[in-house]
Amino acid sequence: MHRILLVIVGVAVLVPTHTCWSADIESGDLSQILALHEKVLQAHRANDVNMLMEDASDDYVLVTSGEVIYPTADERALRFGEYFAITTFDKYEDSIAPVVRVSDDGSLAWLIARVSVSAVQEVSGQEQALEFISAWIELYEKRDGRWTQTGNVSNFKP
């Protein structure tokens, strides 16, 4: 029993409690990634495709529904434009605090999010309630000193 307790305590001590791979929080990378994530949430609540696309790269990878795809910026903007045109969000917010990691060299980062969504969609002239929980990983790369979203891996809670 003492060995099991020692292993548990040992593992707990080894698990990092900070939010970066490095101690580079002072550079503002962590707060910049969190701000970009908040911008994604705001873009949804405001139905603002331009805001959503401002920090996304053209060489974007999307992993969803068991597929890996490389949609162009125009394809992503069109998809979200169609979605936003029929959707009014009552709630699009984090249901857990996002988890952020920044690489030691400050060139890559990722953020894990889980959001709760409540909305109304107008489909064929009728309003339909839309509620779901989604979790995803946002992928970021620093390009020319600026964080750029380069991908997303997402799923929805059934």
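Every number in this text was worked out from the coordinates using simple rules, so none of it is lab data. Keep in mind that what you see is a predicted model, and the values were worked out from it rather than measured. Using ideal geometry, Cβ is built from the backbone for each residue, glycine included, and neighbour counts are taken over all protein chains shown.
When Rg and Dmax are taken over the Cα atoms of segment 19-156, they come to 15.5, 53 Å. Dividing the radius of gyration of the alpha carbons in segment 73-130 by their Kirkwood radius gives 1.15 for Rg/Rh. Its Cα centre serving as origin, segment 19-156 has a Cβ charge dipole (Lys and Arg +1, Asp and Glu -1) of approximately 200 debye. Taking Lys and Arg as +1 and Asp and Glu as -1, the other residues whose beta-carbon sits under 12 Å from that of residue 72 total -2.
Taking the number of Cβ atoms within 10 Å of each Cβ as an exposure proxy, the fewest-first ranking of 120, 102 is 120, 102. Seen from residue 129, the other residues with C-beta closer than 14 Å to its C-beta sum to a net charge of -3, counting Lys and Arg as +1 and Asp and Glu as -1. Counting only lysines at least 8 places from residue 39 when in the same chain, those with an alpha carbon closer than 19 Å to its own are 91, 142.
With K and R counted +1 and D and E -1, the other residues having a Cβ less than 14 Å from that of residue 87 yield a net charge of -3.
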